[in-house]
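Here is the structure we will look at, set down as structure tokens.
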Amino acid sequence: MEIMDLYGKKIKIIDLQLAILQADDFRHYQLKGSDKAEYNRQQQAYWEDTYIKLLLLEQQQDNHETEKHD
């Protein structure tokens, strides 16, 4: 499984559930200090995008599994 990150880089997913948990955690991290606001914004956008793509991948995988059993 792969996703394309916000910058066009392919990311290979080995453990989808773990990747979802990690992306969910990372999208909430922020560095303290007003001088870090732009960095925090960029990181939050990156991890939010990654998290959504992982959830979509999970949904596609679940749909595929459901079709196999029908």
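The values are calculated or read from the model by the stated rules, or taken from the named source; none is laboratory data. Since the model is a prediction, treat every value here as computed from it, not as a measurement. Cβ placement follows ideal geometry from the backbone for every residue including glycine, while neighbour counts extend to all protein chains displayed. Ligands, DNA and RNA are stripped out before the accessible areas are found, and what is left, the full protein with its side chains, is counted by its heavy atoms. Shrake-Rupley method; radii C 1.70, N 1.55, O 1.52, S 1.80 Å.
Filter region 1-16 down to residues that are basic (Lys, Arg) and over 12 Å from Thr50 (Cβ atoms) and give me whichever is most open to solvent (accessible area, probe 1.4 Å). The residue in question is Lys12. Scan region 18-69 for residues that are under 17 Å from Met1 (Cβ atoms), in contact (Cβ under 8 Å) with a residue 24 or more places away in the chain and exposed (fewer than 15 other Cβ atoms within 10 Å of the Cβ) and the total you get is 2.
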